[in-house]
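Read-outs: derived from the displayed coordinates by stated rules, not from any lab. In this text, all values refer to a predicted model and were calculated from it rather than measured experimentally. Here the Cβ positions follow ideal geometry from the backbone for every residue, glycine too, while neighbour counts run over all protein chains shown.
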Amino acid sequence: MIEVEGLTKFFTGPDGAEVAAVNDVSFVVNPGEVFGLLGANGAGKTTTLRMLCTVLRPSQGFATVAGHDIAKEPALVRRSIGFLSANTGVYDRMTAWEMVRYYGQLYGLSGSALTDRLEELFGTLQMNDFRNVPGGRLSTGMKQKVSIARALVHDPPVLIFDEPTAGLDVLVQRAVLRSIADLRGRGKTILFSTHVMTEVEKLCDRVAIMSKGTIVAAGSLPELRAEFDQPDLEELFFSLVS
Ligand SMILES: Nc1ncnc2c1ncn2[C@@H]1O[C@H](COP(=O)(O)OP(=O)(O)OP(=O)(O)O)[C@@H](O)[C@H]1O
């Protein structure tokens, strides 16, 4: 579960003034749910996710991830999450298998528990064809699968995905979205940022629409359609963020 209450992050702008990139944001994501953060460029999605991953310290507010306070228990938070973004790097000289194994070892897995976990991930993500190919020779889609496997290797209860399909071709996009849906089916808590409306419609149980650092609307898609009397979600999105 993720619980966010009044989360705020100020950055100092080029003129020295403080700007709230994220301003008093609150939401809850439950196990077995995909929660979407939808917003245009600069809305504050990445900053929100980076605070939840404990990479950035909030200026105000608090949040718990899998029951751990992001400010007081950052190490426990990090163990509880798998993080994936569009530009998670892969190492050129390690093979797909070696990279995922390396991350498993960083999380304390070893021996047959690690090997069994790798076999399971390479099977479910259909990565066996390129398990011995070095990172430098993998396609963009293959690299993204390695990044997904790496995020999942320690079987975390919470998954945080920052625009995970950006830059991928439609086939790989579908595979990534299907993997996320499978993870939901296994009871994971999933927070997913995107600016692609069709991904929200396909995948998200609930969504928060962000604009200029704040949440301007939140709920399930039927709830949002009813509340704003707008059946077309694309139109709703543009009317709320413009
Ligand atoms: N380290 C930083 N220092 C100063 N300003 C920052 C910093 N990081 C982000 N910002 C600003 O905070 C605002 C929110 O950025 P953020 O990256 O969270 O948006 P986003 O919704 O993820 O957008 P995108 O879809 O483009 O990634 C932007 O105005 C951005 O310029």
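Descriptive notes on the structure:
- Residues whose amide H comes within less than 5 Å of that of ASN23, counting only those at least five positions distant or on another chain, are LYS9, THR214 (H built at 1.01 Å from N in the peptide plane).
- Label-point separation in nm, MET1 to LEU221, each point 7 Å along Cα→Cβ: 2.7 nm
- Of the cross-linked pairs LYS9/LYS202; LYS143/LYS212; LYS9/LYS145; LYS72/LYS188, those separated by over 27 Å at the C-alpha level are LYS9/LYS202; LYS143/LYS212; LYS9/LYS145.
- Amide H contacts of MET210 (H built 1.01 Å from N, under 5 Å, at least 5 apart or other chain): LEU38, GLY39, VAL216
- The value of relative contact order for the stretch 1-130, using C-alpha pairs under 8 Å at least six residues apart, is 20 percent.
- For the stretch 149-226, DSSP calls about 50 percent of its internal beta bridges antiparallel.
- Within the same chain, aspartates and glutamates fewer than 8 places from LYS45 are excluded, and of the rest, those with a Cα less than 19 Å from its Cα are GLU3, GLU5, GLU18, ASP24, GLU33, ASP162, GLU163, GLU199, GLU201, ASP205, GLU234.
- Once C-alpha pairs closer than 8 Å and six or more residues apart are averaged by separation and normalised to the residue number of the stretch 168-242, the relative contact order reads 20 percent.
- The stretch 41-50 - phi-based ³J(HN,Hα) in whole Hz, Karplus 6.51/-1.76/1.60, Gly and Pro as x: 4, x, 5, x, 5, 4, 4, 4, 5, 5
- With 10 Å bins beginning at zero, the pair-distance distribution over Cα atoms of the chain amounts to 7, 30, 35, 20, 6, 0 %.
- Residue order, fewest to most beta carbons within 10 Å, for MET1, MET99: MET1, MET99
- Residues LEU84, LEU177, arranged from fewest to most other Cβ atoms within 10 angstrom of their Cβ, appear as LEU177, LEU84.
- Contact order normalised by residue count of the chain, Cα under 8 Å, 6+ apart, percent: 28 percent
- Amide proton proximity set for LYS188, modelled H, under 5 Å, gap of 5+: GLY32
- Range of Cα positions in the stretch 51-103 per principal axis (Å), largest first: 41, 19, 13
- For the stretch 123-231: rounded, prolate or oblate by the Cα gyration tensor [a/c cutoff 1.5]: prolate
- Hydrodynamic radius (Kirkwood) for the stretch 1-89, which is based on Cα pairs only, to one decimal in Å: 13.7 Å
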